[in-house]
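What follows is calculated from the coordinates using simple rules that are stated; it is not laboratory data. Everything numeric here is computed off the predicted structure, so don't read it as measured data. Cβ sites come from the backbone with ideal geometry, for glycine too, and all protein chains shown count toward neighbours.
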Amino acid sequence: MIVDSKENGKEEQKNGGELGLSGKSGSNALKEVLQFKIVYWGPGESGKTTNYFRLREKFDAVKLNAGYSIETTDGRTLWQDSVRLSFYLNLAKVKYNVITQIVTATGQERFLSTREYVLDGADGVVFVADSDPDKMEQNKRSFRELTSFTQDQQIPYVIQLNKRDLENPISIEDFKKGLGLPQSEEYEDGSLVVYPTVALQGESVRRCFEDLMIQVIFNFFKDKL
Ligand SMILES: Nc1nc2c(ncn2[C@@H]2O[C@H](COP(=O)(O)OP(=O)(O)O)[C@@H](O)[C@H]2O)c(=O)[nH]1
Ligand SMILES: [Mg+2]
């Protein structure tokens, strides 16, 4: 549960929030600073940079830097988009300052080595797939690439199926089949097997990010508490 530092974070507080991620420092003594790196991965044009822009807007109040985005002349990401967000996490009466760096990888084939570099040191990944049925091969290839980089490291990831607003989007069922995912809607912990999004409108972009952050934080603490 992430609450930004706009007064009271109304939208989020009504959901409860067992994790108590907050933009405000609160009353617990600050214990330590945690730093995470979250990567947006997926085929070219699937909507990674759009996700990044929407997140940057939604977390405006907790942003540490303005963020940057370097583009090729045709408007595609050449290197990466990057921004840092800062939150406070109250867990077991201890307060942590959580600093999250968000980066998006370029999907362009000729930059494969920069994509590997982007994944280096990742604590969590959002895989952004395209709902265009003609992009299924690219989705599969990019997903294979991701799992080949991450399989040994057990990095938490969530799968986002973006562009649900397209006229004839691939069905979620076919998408899951194509990637070899379970047909169920949720995993046991309540996270979704696939997050349907419309990044262009900012739809479900934040929920997807927050659900990943919860996994990343639990993953970090699981050997420590
Ligand atoms: N229809 C639709 N278009 C989208 C959506 N998200 C992104 N796009 C468009 O897809 C194109 C590629 O998006 P971009 O974020 O640059 O993709 P990236 O290469 O993965 O970073 C742009 O024209 C976006 O406006 C969406 O949810 N729906
Ligand atoms: Mg991009």
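Report note on the peptides 178-187, 194-203: ranked by the mean count of other C-beta atoms within 10 Å, highest first, their order is 194-203, 178-187. Once the Cα-Cα distance is subtracted from the 0.36 nm per residue extended length, the residue 151 to residue 97 segment shows a gain of 16.6 nm. Once the Cβ-Cβ distance of residue 218 and residue 33 is raised to the sixth power relative to R0 = 25 Å, the FRET efficiency obtained is 0.85.
Under 1.5 on a/c is rounded, so check that first for region 156-225, then, if it is not, pick prolate when a/b is larger than b/c and oblate when it is not; a ≥ b ≥ c are the square roots of the alpha carbon gyration tensor eigenvalues. Verdict is oblate for region 156-225.
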